[in-house]
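Structure record follows, encoded as structure tokens.
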């Protein structure tokens, strides 16, 4: 069951890394982060579960360093969350006995945990120079080996900065032995980097066009079914990677801490993260305008916005004449009837549809019915179905998850408009 909303609970800023982009490591180095009374966090988890939320993410700093960490995990298990995500830098978890302690809290509930590991570079050199902690990469490899051997679910997160972006092409080979199925790369957010000098900001924020070759190499290296997410790169820099790019995510509420109070008021995560983003007026003519937030104010100041050039429909067709960039994975269910396959082809050529992301196509009834599943920018999900009735095309759509937000409705209208066009009118 999908969570009604993603809930993230921060246990504090105490951390044993000193990442060049991170507020928590800096707070720890300043002596402003330490053990906390986690009662407020436990209370918010309890309220979230009572409200029907089924997934919780436990954050730091490094959450495993908090003396009350295991008590928080036990409470989450007792509350009956369907999934508990532990967001860790992989240092303390390099001890198998500690991982066993965490797993023991679940009793006989298998598959309850997702281990979201922060790898800040796909090579030892790039990771350690970004975390400023020699040996941190080796501990992550040990963590992944233990988790994979125990059959645990592993996902990976990396903050992209100048010191690590060139390494990302090594991720496919690095992650394959450990059964990792998901990688999320996110561009550094300067407002969340702590107290930094202009020199430090300039040093950590790469020019996006410089990153594209490494990102494309990485994408080519993963198998088709790998869940790759690239956060907050404007689409115009890398339109060939557009199926992997996202500006936002599922509806997420985050509870953070600071040095003045044990728990702050809840934040709408993706609205908060976009608070310093903007883009030139010319971007309104881009086919990706509704799903792109632009660049941070720091990025604009250091690299300018001249490289933000709208992607027109004509340009998109030149880049992707077959529509492959926006095609979902191959249809599941086998043979597809010719008339339905023709409509799916029209959809591929007509994509993208506003802010919608095309997830999959499911074929049933001997190939006589197809369902195209789309995700909206606020975690909504909708299905467009196609079939035939007495030799005539038929179809419709339904909203499966979330509310029919304006962005979802706009995208679905664009889908319907493409399906209404007669094949003879297609260019």
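Among the residues of region 326-350, which ones are modelled with pLDDT of 85 or more and closer than 18 Å to residue 224 by Cβ?
If the condition is that a residue be modelled with pLDDT of 85 or more and closer than 18 Å to residue 224 by Cβ, then 344 is the only one that fits.
To keep it simple, each residue is scored yes or no on (1) over 25 Å from residue 203 (Cβ atoms); (2) buried (at least 23 other Cβ atoms within 10 Å of the Cβ); (3) without any contact (Cβ under 8 Å) to a residue 12 or more places away in the chain; (4) not assigned by TED's automatic domain parsing to the domain that holds residue 63.
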position	(1), (2), (3), (4)
120	no, yes, no, no
131	no, yes, no, no
135	no, no, yes, no
140	no, yes, no, no
146	yes, no, no, no
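Checking residue 218 against (1) part of a helix (DSSP H, G or I); (2) at pLDDT 95 or above; (3) closer than 21 Å to residue 316 by Cα, only one condition comes out false. Which one?
In the conditions (1) part of a helix (DSSP H, G or I); (2) at pLDDT 95 or above; (3) closer than 21 Å to residue 316 by Cα, residue 218 misses (3) alone.
Report every pair of residues separated by at least 6 positions or lying on different chains whose Cβ atoms are under 6 Å apart, first residue within region 31-55 and free of Cβ contacts under 8 Å to residues at least 24 places away in the same chain, second buried (at least 16 other Cβ atoms within 10 Å of the Cβ).
34/14
Are any of the residues in region 119-133 over 30 Å from residue 162 (Cβ atoms) and in contact with a helix residue (DSSP H, G or I) (Cβ under 8 Å, 6 or more places away or on another chain)? Step through it out loud before you land on a result.
Step one: filter region 119-133 for residues over 30 Å from residue 162 (Cβ atoms), giving none.
Within region 119-133, none of the residues are over 30 Å from residue 162 (Cβ atoms) and in contact with a helix residue (DSSP H, G or I) (Cβ under 8 Å, 6 or more places away or on another chain).
Please go through region 207-235 and give me each residue that is more than 28 Å from residue 331 (Cα to Cα) and crowded, with 21+ Cβ neighbours inside 10 Å, ordered by number. Spell out the reasoning first.
Filtering region 207-235 down to residues more than 28 Å from residue 331 (Cα to Cα) leaves 207-214, 232-234.
Passing the criteria: 208, 211, 232, 233, 234.
Can you list the helices (runs of 4 or more DSSP H) found entirely within region 109-209 that contain at least 2 residues being within 24 Å of residue 235 (Cα to Cα) and more than 22 Å from the chain's Cα centre (by Cα)? Talk me through it step by step, then tell me what you get.
Values: elements: 124-131, 136-149, 171-175, 198-204.
Answer list for region 109-209: 198-204.
Against the condition within 17 Å of residue 299 (Cβ to Cβ), in contact with a strand residue (DSSP E or B) (Cβ under 8 Å, 6 or more places away or on another chain), modelled with pLDDT under 95 and assigned by TED's automatic domain parsing to the domain that holds residue 296, how does residue 206 come out, does it pass?
On the way: within 17 Å of residue 299 (Cβ to Cβ): yes; in contact with a strand residue (DSSP E or B) (Cβ under 8 Å, 6 or more places away or on another chain): yes; modelled with pLDDT under 95: no; assigned by TED's automatic domain parsing to the domain that holds residue 296: yes.
It is false that residue 206 is within 17 Å of residue 299 (Cβ to Cβ), in contact with a strand residue (DSSP E or B) (Cβ under 8 Å, 6 or more places away or on another chain), modelled with pLDDT under 95 and assigned by TED's automatic domain parsing to the domain that holds residue 296.
Filter region 236-271 down to residues that are in a strand (DSSP E or B) and either buried (at least 17 other Cβ atoms within 10 Å of the Cβ) or at pLDDT 75 or above (or both), then give me how many there are. Steps first, please.
Of the residues in region 236-271, the ones in a strand (DSSP E or B) are 245-246, 252-255, 267-268.
Adding the requirement that they be either buried (at least 17 other Cβ atoms within 10 Å of the Cβ) or at pLDDT 75 or above (or both) leaves 245-246, 252, 254-255.
Residues in region 236-271 being in a strand (DSSP E or B) and either buried (at least 17 other Cβ atoms within 10 Å of the Cβ) or at pLDDT 75 or above (or both): 5 in total.
Determine whether region 370-386 contains at least one residue that is touching a helix residue (DSSP H, G or I) at 6+ places or on another chain (Cβ under 7 Å) and farther than 21 Å from residue 352 by Cβ.
Among the residues of region 370-386, not one is touching a helix residue (DSSP H, G or I) at 6+ places or on another chain (Cβ under 7 Å) and farther than 21 Å from residue 352 by Cβ, which makes the answer no.
The values are calculated or read from the model by the stated rules, or taken from the named source; none is laboratory data. The model shown is predicted, which means the values in this text are computed figures rather than measured ones. When we count neighbours, we look across all protein chains shown, and the Cβ atoms used for this are built from the backbone with ideal geometry, even at glycine.
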